[in-house]
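Student: Supplied in structure tokens, the structure appears directly below.
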């Protein structure tokens, strides 16, 4: 008979206790480390998400056109009695301002009414050069003397449009251009029109507006820029205007 195999040595109580302690230590370390790994992973995901948001905000989403910015508009159609210029700039005041004021849906008043009083600003840029917005747009002038004015007008050549009304009613950019006597549409500015590699673009507070510029509602301290130039060129337009103190 072959000799019987010897049984494996029994583990001493001291060794068992040491093994139990090592297992408890391992499990405790695992328990403490796991939440830390989850936290680190969560922080990493949050950082990536924030980075994506910042990139979209700063550069603009390529799938969202600038024209989607919320810009208040109101339908406007000028009256037929106005003579609108279809020439190239500069554009002077109309010869019969009263007709143009009426075509804008406004009245000639004997004095300014300041119940509703605010200001917006207009920039017109053609081929990289500013076009002067005349003083006294919206004034009825007879023999060189102002005899009245509308609720929408200019006092100087700064481009500041004054809204001074007895009631709170909407005023549109189209009304101002009708008073000025300059044709304005989504693709036309006076005698300037889309075509031949040139385009008309409208910006409100620095945001591209893709609709009819004549429908833009004038708002307090709003900056409106009409830009005409090469379609391949990136427009350089202001996003705001520094109004004088008190306006």
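Student: Consider segment 53-82. How many of its residues are modelled with pLDDT of 90 or more and part of a loop (DSSP other than H, G, I, E, B)?
Tutor: Residues that pass the stated criteria total 8.
Student: On to the next question. Which pairs turn up if I take residues in segment 119-133 that are buried (at least 17 other Cβ atoms within 10 Å of the Cβ) and look for partners that are modelled with pLDDT under 95 and not in a strand (DSSP E or B) with beta carbon separation below 6 Å, at least 6 apart in sequence or on another chain?
Tutor: 119/247
Student: Which residues, taken from segment 123-146, are under 13 Å from residue 101 (Cα atoms) and part of a strand (DSSP E or B)?
Tutor: If the condition is that a residue be under 13 Å from residue 101 (Cα atoms) and part of a strand (DSSP E or B), then 139, 140, 141 are the ones that fit.
To keep it simple, each residue is scored yes or no on (1) modelled with pLDDT of 95 or more; (2) surrounded by fewer than 18 Cβ atoms within 10 Å (Cβ to Cβ); (3) assigned to a strand (DSSP E or B); (4) not assigned by TED's automatic domain parsing to the domain that holds residue 85.
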| position | (1), (2), (3), (4) |
| --- | --- |
| 158 | yes, yes, no, no |
| 169 | yes, yes, no, no |
| 178 | yes, no, no, no |
| 203 | yes, no, yes, no |
| 221 | yes, yes, no, no |
| 225 | yes, no, yes, no |
| 242 | yes, yes, no, yes |
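Student: If you don't mind, another one. Among the residues of segment 174-216, what is the count of those that are within 25 Å of residue 107 (Cβ to Cβ) and under 16 Å from the mean Cα position of the chain (by Cα)?
Tutor: Of the residues in segment 174-216, 4 are within 25 Å of residue 107 (Cβ to Cβ) and under 16 Å from the mean Cα position of the chain (by Cα).
Student: Determine, yes or no, whether residue 104 is modelled with pLDDT of 95 or more, surrounded by 11 or more Cβ atoms within 10 Å (Cβ to Cβ) and in contact with a helix residue (DSSP H, G or I) (Cβ under 6 Å, 6 or more places away or on another chain).
Tutor: yes
The values are calculated or read from the model by the stated rules, or taken from the named source; none is laboratory data. Since this is a predicted model, take the numbers as computed values, not measurements. Reconstructed Cβ throughout: ideal geometry from the backbone, glycine too, with neighbour counts over all protein chains shown.
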